[in-house]
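The values are calculated or read from the model by the stated rules, or taken from the named source; none is laboratory data. Since the model is a prediction, treat every value here as computed from it, not as a measurement. As a convention, Cβ positions derive from the backbone with ideal geometry for all residues, glycine included, and neighbour counts pool all protein chains shown. The area values use the complete protein model at the heavy-atom level, side chains included, leaving out ligands, DNA and RNA. Shrake-Rupley method; radii C 1.70, N 1.55, O 1.52, S 1.80 Å.
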Amino acid sequence: MQNDFLLIGIDGGATKVNGWSVVVEDHGKAFKLGNFNSIKSYSELPGYIRNFQPVDLNLQLKEWETGKIALTDEEVAQSNCYIEATTACISEIIQLSNKKRILIGIGMPGIKTQDERGIAVLKNGPRMLDYARRIEQDLENMRIELLKPIGRLGSDAHYCGIGEEYAGNGSFRRIENAYYLGGGTGVADALKLKRKVVALDAVKNWFVKTWEMKCPDGYSVEKYMSASGIQAIYGELTGNSQDELQQAGIYSPQIRERALSGDKPAIETLQKVAHFSALLLYERITTIYAGWQGLFDFVNPQRSIPAQEHDYRGLLLDRLIIGQRLGDLMEEAQDDAVLWKPFASELTQLILTSRVLDQVARDHYCPAGNLNPALIKISKLREAPALGAGIDAYLNWKEENHA
C-alpha cells in the first residue's frame with residue numbers, strides 16, 4: 001500500500017523545520033522513521049529577520065478571539081522564510097527517495113485558524129494564516145503530486161503523543177494513563193488517558209497547557225521547562241545574552257556542568273528548573289485526579305478558570321514522561337545534587353503532604369514514602385513530533401479511503 005507513495009512527517013519548530021520519511025508497519029498498527037531526513041533552519045534563508053519580535057501574546061489572543069487578525073509587515077516577511085524552509089525540506093526528502101507522489105503530515109506550534117490550515121497565534125514566531133495553502137502551491141509548482149491536500153496543521157505537542165503511542169519504542173505503548181512533557185525550544189504537553197491519546201483542545205475546559213501557566217515571577221512555566229528558556233534564565237543571572245551564550249557553546253548541559261562545579265548562577269538556574277518541574281508534574285497529577293487546584297496563574301488573565309469536574313477524575317497516572325532536550329538534561333542529571341535530587345525530593349514532598357490526594361493516590365505515587373522509581377520515564381523518541389505528524393496523516397487518509 002505504501003509503495004504507491006512516500007509518507008512524510010514534518011515537525012515545524014521555532015527555529016527550524018525537521019522532516020522525515022515514515023515507514024508503515026503491521027498494516028498501519030506500527031510506524032517507524034524511514035531513511036530520509038531533511039532539516040532546514042529558517043535563519044539560513046535570505047530575508048530572515050534575526051531580531052524578529054513576535055506580536056505581544058495577549059494582543060495575538062485578542063485578535064484571534066475577535067477574528068480580526070492584522071499581520072505586521074515583519075510577520076509577512078518572516079513567514080516567507082518559514083514556508084520556504086518547509087517546502088525545501090519536503091523537496092529534499094523527495095529527491096532522496098526518488099518518489100514524486102507524497103502524503104504529508106505537518107505539526108506546528110500555536111493556535112490554528114478555524115480551518116486548521118493556518119496559524120492564528122504563535123508565541124515564538126510569525127502568524128501564518130495561509131500556511132498549508134502556500135506550501136501546496138509551492139509543491140504544485142514543483143510538479144510534486146500530493147496524495148491528498150494537507151488536511152490540517154496538527155499540534156506538535158499532540159504529535160509527540162501520537163509518536164509515543166505508535167512508535168515501537170514509544171513511552172505511551174502498553175500504558176493506560178500517562179502525561180508527557182517535552183522541552184525543546186518551547187514545550188510540548190501530551191496526555192494518554194483511558195488508553196487513548198487525548199487531543200488537548202478537546203479538554204481545554206479543565207486542562208491547561210504549560211505555556212498558558214505563569215509563575216510568580218511573571219514568566220511562563222514554559223520558560224523553566226524549555227532548553228531555550230533555561231539558557232535565557234542563566235543568561236539573565238550572568239548578564240549574558242542568549243546569542244553570547246550560544247557563541248560560547250553554553251547550553252543546558254554546560255549550565256549543569258557549571259552548577260556541579262559550584263557556579264552560583266548555574267546552581268540558581270537549576271534550582272528554579274527543579275522547583276517548577278516538580279510543581280508542574282504535581283499540578284498534572286492533582287488536576288487529573290481531582291480537578292484544577294489553582295497552583296499557577298495564567299499568562300492570559302482573561303483565560304476562563306478551568307473546570308474541576310471532568311471525565312477523567314480519579315485516574316492515577318502510570319507514567320510521567322520527560323522528553324526532548326529537557327529529557328536529555330534530566331537523564332544526565334539522574335541522582336545528581338543540582339537538579340535530579342532537588343526535583344525528586346520536592347515532587348515527593350508535594351505528593352506526601354498533599355491535601356488533594358487521598359491515601360490511595362499517595363501510596364500509588366510514593367509507596368512506602370518514596371517516589372515510585374517506575375513513575376518518571378525519560379523518552380528516547382527525539383523525533384516524536386515528525387513521526388506523529390506522518391502517522392496522523394496516514395491514519396486520516398486510511399480512514400477516508402477505508403484502506
Honestly the range 3-142 on the Cα gyration tensor test (a ≥ b ≥ c root eigenvalues; a/c under 1.5 rounded, otherwise a/b vs b/c for prolate or oblate) is just prolate
Roughly how tilted is helix 156-166, in degrees to the nearest 10 and between 0 and 90, from the longest Cα axis of the chain?
-> 90
So which of Lys196/Lys377; Lys99/Lys398; Lys112/Lys377 end up more than 24 Å apart, counting from Cα to Cα?
-> Lys112/Lys377
By accessible area of protein heavy atoms, probe 1.4 Å, what ranking do Lys112, Lys99, Lys341, Lys68 get, highest first?
-> Lys68, Lys341, Lys99, Lys112
Over what distance in Å are the Cα centres of the range 120-148 and the range 275-290 separated?
-> 37
Highest-first arrangement of 158-164, 250-256, where packing means the average Cβ count within 10 Å | 158-164, 250-256
Could you give the accessible area per residue of the range 1-103, probe 1.4 Å, as a whole number in Å²?
-> 52
Given unit charges at Cβ for Lys, Arg (+) and Asp, Glu (-), the dipole magnitude of the chain about its Cα centre in debye, nearest 20, is 660
So, with points 7 Å from each Cα along the Cβ direction, the Thr66-Glu331 label distance in nm works out to 4.7
Which value in Å does the Kirkwood hydrodynamic radius of the chain take, with 1/r averaged over all unlike C-alpha pairs and then inverted?
-> 22.0
Convert 10 °C to kelvin, take the viscosity as 1.306 mPa s, use the Kirkwood radius over C-alpha pairs of the range 208-322 as Rh, and evaluate the Stokes-Einstein diffusion coefficient in µm²/s, rounded to a whole number.
-> 102
What list of ³J(HN,Hα) values in whole Hz, one per residue of the range 368-380 in order, does the Karplus curve 6.51 cos²θ - 1.76 cosθ + 1.60 (θ = phi - 60°) give from phi, with Gly and Pro shown as x?
-> 6, x, 10, 4, 4, x, 8, 6, 8, 10, 8, 6, 9
Among 382-391, 189-198, 28-37, how do they line up from the highest to the lowest mean number of other beta-carbon atoms within 10 Å?
-> 382-391, 189-198, 28-37
Go ahead and estimate [θ] at 222 nm for the chain from helices alone: -39,500 (n - 2.57) per DSSP H run with n ≥ 4, summed, over the residue count, rounded to 500.
-> -12500 deg cm²/dmol
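So for each of 40-49, 297-306 I average, over its residues, the number of other beta carbons within 10 Å; can you give me the resulting order with the highest mean first?
The packing order, highest mean first, is 40-49, 297-306.
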Using only C-alpha positions, report the orientation-averaged shadow area of the convex hull of the range 332-403, nm², one decimal.
-> 8.1
Where in the range 214-236 does the amide nitrogen come within less than 17 Å of the point 7 Å from the Cα of Ala248, taken along Cα to Cβ?
-> 228-236
What residues have an amide H closer than 5 Å to that of Ile376, excluding those fewer than 5 places away on the same chain, when H is modeled at 1.01 Å from N in the peptide plane?
-> Leu320
Nearby aspartates and glutamates by direct alpha-carbon distance to Lys123 (threshold 13 angstrom, same-chain neighbours under 8 apart not counted) = Asp56, Glu75, Glu212, Glu222
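Rounded to the nearest 5, what % of DSSP beta bridges with both residues in the range 30-165 are antiparallel?
40
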Can you flag which of Lys40/Lys62; Lys68/Lys192; Lys62/Lys214; Lys194/Lys223; Lys194/Lys272; Lys29/Lys204 are past 26 Å Cα-Cα?
-> Lys40/Lys62; Lys68/Lys192; Lys194/Lys223; Lys194/Lys272; Lys29/Lys204
Here the net charge surrounding Ser41, from other residues whose Cβ is less than 12 Å away from its Cβ (Lys, Arg +1; Asp, Glu -1), is +1
Debye log10 I(q)/I(0) at q = 0.10, 0.15, 0.21 Å⁻¹ for the range 87-235, Cα point scatterers | -0.44, -0.94, -1.32
Cα→Cβ-extended label distance, 7 Å offset, between Val23 and Ser43, nm | 3.4
